[in-house]
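Scroll down for the structure; my scribbles are underneath it.
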Amino acid sequence: MSMKYIRDAYGIPVKRGMEVYYPATGESGNITSCKSGRVTFSTVLRQHTVHPFDLDYLISDDQWLEGARVVREYNSRLDDWNERLNEKMNNV
């Protein structure tokens with residue numbers, strides 16, 4: 001599961017070198033890699049490997065994409081999918 005997987009599955013425009021903010025520790029850094037559905041980023045002191053939803057992403061010079069917003073949108077898409085599936089199951 002690479003960066004492409006995270007872009008496709010979660011709708012997060014991750015790319016190597018992208019600036020991120022980790023609210024849990026208050027640290028910011030840059031993405032170095034993605035593996036097994038997790039994002040690895042480097043700060044001044046160390047590397048962190050976290051779930052993509054745990055980060056905020058700088059998507060333009062002054063615009064941040066918050067992880068909490070991504071979670072809400074992802075859950076909304078899942079709810080819509082489940083509703084469509086239930087409708088199909090009820091119509092069988």
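Every number here is computed from the coordinates shown, using simple stated rules; none is lab data. The shown structure was predicted, so the numbers you read here are calculated from the model rather than taken from an experiment. Heads up, the Cβs are rebuilt from the backbone with ideal geometry, glycines too, and the neighbour counts pull from every protein chain shown.
What the table below lists for this structure:
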{"quantity": "Whole-Hz ³J(HN,Hα) from phi, Karplus 6.51 cos²θ - 1.76 cosθ + 1.60, for region 8-13, glycine and proline x", "calculated": "6, 6, 10, x, 9, x"}
{"quantity": "Mean Cα-pair separation over length for the chain, i.e. relative contact order, pairs under 8 Å, 6 or more apart, %", "calculated": "21"}
{"quantity": "Residue-count net charge about Q63 - beta-carbon cut-off 13 Å; Lys, Arg +1, Asp, Glu -1", "calculated": "-4"}
{"quantity": "Cβ-placed point charges (K, R +1; D, E -1), dipole of the chain about Cα centre in debye, nearest 20", "calculated": "480"}
{"quantity": "Under the Karplus curve 6.51 cos²θ - 1.76 cosθ + 1.60, θ = phi - 60°, whole-Hz ³J(HN,Hα) for region 51-67, x wherever Gly or Pro sits", "calculated": "6, x, 6, 7, 10, 9, 10, 7, 9, 8, 3, 9, 10, 9, 9, 7, x"}
{"quantity": "Cut-off 13 Å between beta-carbons: net charge of the residues surrounding R16, Lys and Arg +1, Asp and Glu -1", "calculated": "+3"}
{"quantity": "Most mobile listed residue (R77, R16, R46) in the chain, GNM with C-alpha springs under 10 Å", "calculated": "R46"}
{"quantity": "Most positive-pole-ward Cα, V20, A68, V39, against dipole of region 3-90 from beta carbon charges", "calculated": "V39"}
{"quantity": "Label-to-label distance, nm, for residues given as D54 and T25 (7 Å Cα→Cβ offset)", "calculated": "0.9"}
{"quantity": "Length gained when the stretch R7-D79 is fully extended (0.36 nm per residue, less Cα-Cα span)", "calculated": "24.0 nm"}
{"quantity": "Residue with peak Gaussian network fluctuation, the chain [Cα springs, cutoff 10 Å], from S33, S42, S76", "calculated": "S76"}
{"quantity": "Ellipsoid semi-axes in whole angstrom, largest first, where each is sqrt(5λ) of the Cα gyration tensor of the chain", "calculated": "30, 13, 11"}
